[in-house]
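Below is one structure; the comments refer to it alone.
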Amino acid sequence: MIIKPISISRDNYFELMKIDESESKFTEDWLQKVIHDNPQTYPIENPLNKDLKIISLGREINSGAGYIDILFLTSDAELIIAETKLWRNPEKSRTVLAQVIDYAKEISKWGFDDLNNAVISSQRNSQSEKALSLKEIIAKEFSNQNQTDFIDILIQNLHKGILKLSIIGDKISPNLLLLSDTLQSSPGLNFSLSLIEMKLFKYNHDIILIPDIVGKTKEEIRGVVKVQYEKEKPKIEITYLETEKSQNQKNKTDRVTFISQCPNDISQILEKWIDVWQNNSDLMIYWGVAGLSIRKQLDKKWTTILDIYPDYVSMITQSMAESCKIPQDIYNKYLEVLFSIDEMKSAYSSKKRYVKYDSISTEDIEVMMTAVNELINKLIDNK
């Protein structure tokens, strides 16, 4: 189909000039950014929901089978995996299609926490000033919906493998339209595939983008295999203890090195609190090989209250609270704040000591550090 859009200005009509795909200077990164920043350009349809909304959860989402160019989420709680390919890209059509199918296979194994971790990690990799958790994104973007119901539907869609796949380009190869048989090699997944052209036109110095669905196919569900674990898989947590000799043989980190290794949004928070604790004469900051610990003197001995590493942070467990002689009322107040964060409450209940940054938002980190600081101040006032 030949499309020749025009610009109408009063009684004047101007034909838009099509940008030649083979000579275009635009890159896939440029196309990804345009679509990510303007998710409304993605053509979605649902005749039963005229107010259907779509947002981008991020670029370069690690699926475990490769990085998804763009991952969308709709107000119907459906995920859309988008792979962008330019016409001049020599990659074969079958390879591109195989990629999105591999991504779908991996994501269909995910739970909500896996999706949340991938979204937070993507934000940190893109040097976002603030990383939002998936729950925070849903609350912000779909505020008119019941959040609990929305998340339940999203989790169900993940478990059932209900995903939408799409290949987006400035021009779609005809070969892709002939590869629907490839979908039949993935039984058990329930997804649809859309082939979308983002047609680019020039008008004066502007670029006009017109989305067009040029192909669509649907997977037929032929069988469902359900596997249930009656018992949880064993979880192993290993803590390495270093002798004084081995400690001295290794180079310790320093503030500049440590901060440079932390995610951008986390480093800003940690720098602020490191300054606070360095200026507290009742505390000592001990720099280890990879991270640091905040220590307070108890019975003439420096005792660790908090460990901080480039990828994770410790919680104050019950046994630590007892060894640090933290009064129960002060510790309970700390736990009250900690348990307001679902991921930390879950980790604490699982008797874990450390929480990875990938599982919590920027705001969660700030809340946690504030709670630790309040606990420390109460300990000092209590002495």
Condition check for D307: acidic (D, E) and either at pLDDT below 85 or assigned to a strand (DSSP E or B) (or both): yes
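Right, I70: modelled with pLDDT of 90 or more, closer than 30 Å to L154 by Cβ and touching a Gly at 6+ places or on another chain (Cβ under 9 Å) or not? First the steps, then the outcome.
Numbers: modelled with pLDDT of 90 or more: yes; closer than 30 Å to L154 by Cβ: yes; touching a Gly at 6+ places or on another chain (Cβ under 9 Å): yes.
The answer is yes for I70.
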Lone qualifier among L163, L154 - being modelled with pLDDT of 90 or more and either touching a helix residue (DSSP H, G or I) at 6+ places or on another chain (Cβ under 8 Å) or more than 21 Å from N190 (Cα to Cα) (or both): L154
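Listed here are the residues, each with its yes/no results for (1) buried (at least 17 other Cβ atoms within 10 Å of the Cβ); (2) under 25 Å from M344 (Cα atoms).
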site	(1), (2)
E83	yes, no
R88	no, no
Q99	yes, no
D114	no, yes
I120	yes, yes
Q127	no, yes
L132	yes, yes
K135	no, yes
Listed residues K351, K345, K356, K378; which is in the same structural domain as D265 (by TED's automatic domain parsing) and either among the β-branched types (V, I, T) or within 17 Å of L283 (Cα to Cα) (or both)? K378
Could you say whether any residue in segment 314-331 is at pLDDT 90 or above, under 32 Å from the mean Cα position of the chain (by Cα), assigned by TED's automatic domain parsing to the domain that holds Q268 and more than 26 Å from E136 (Cβ to Cβ)? yes
Among the residues of segment 294-304, write down those that are of a type in the set (A, V, I, L, M) and either within 21 Å of F258 (Cβ to Cβ) or in a loop (DSSP other than H, G, I, E, B) (or both). I294
What's the total number of residues in segment 59-81 that are outside any loop (DSSP other than H, G, I, E, B) and surrounded by fewer than 21 Cβ atoms within 10 Å (Cβ to Cβ)? 4
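The values are calculated or read from the model by the stated rules, or taken from the named source; none is laboratory data. Computed from a prediction, not measured in an experiment: that's the story for all the values here. Note that we place each Cβ from the backbone using ideal geometry, even for glycine, and neighbour counts take in every protein chain shown.
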